[in-house]
């Protein structure tokens, strides 16, 4: 069974250490709504995770109310996923 972590912190500088200590994958946020800048996955971090041989899964903030599902939120979510897909394509084509 694979072992992983979920974190809202940038793990770029720790990716190799995580891999060397038995971690197989990292769950990271890709959020445009957060006030925690480190919570946002960046391309350099995704590249570091990939270079260390770790698998990467991305998730975005979950809805907390019915108001979350508005037209404007749908637009923001679409832009967010498009950026996340671009990061994945860049990392996986390297």
Review point. Do we find a residue being modelled with pLDDT of 85 or more and in contact with a helix residue (DSSP H, G or I) (Cβ under 7 Å, 6 or more places away or on another chain) anywhere in the stretch 24-35?
Key: yes
Check your understanding: All but one of (1) assigned to a helix (DSSP H, G or I); (2) modelled with pLDDT under 70; (3) exposed (fewer than 15 other Cβ atoms within 10 Å of the Cβ) hold for residue 86; which doesn't?
Key -> (2)
Check your understanding: Is it the case that residue 52 is surrounded by 17 or more Cβ atoms within 10 Å (Cβ to Cβ), more than 15 Å from residue 7 (Cα to Cα) and at pLDDT 85 or above?
Key -> yes
Check your understanding: residue 62 passes all but one of (1) at pLDDT below 90; (2) surrounded by 11 or more Cβ atoms within 10 Å (Cβ to Cβ); which number fails?
Key -> (2)
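Mind listing just one residue for me: the one in the stretch 4-48 that is without any contact (Cβ under 8 Å) to a residue 24 or more places away in the chain and touching a strand residue (DSSP E or B) at 6+ places or on another chain (Cβ under 8 Å) and, of those, surrounded by the most Cβ atoms within 10 Å (Cβ to Cβ)?
Pass one, the stretch 4-48, residues without any contact (Cβ under 8 Å) to a residue 24 or more places away in the chain: 5-7, 14, 17, 20-22, 35, 37, 40.
Narrowing the set further to residues that are touching a strand residue (DSSP E or B) at 6+ places or on another chain (Cβ under 8 Å) leaves 5-7, 40.
Details: 5: 15, 6: 11, 7: 15, 40: 18.
Here the residue is 40.
The values are calculated or read from the model by the stated rules, or taken from the named source; none is laboratory data. Fair warning: this is a prediction, and the values are worked out from it, not measured in the lab. Virtual Cβ from ideal backbone geometry, glycine too; neighbours counted across all protein chains shown.
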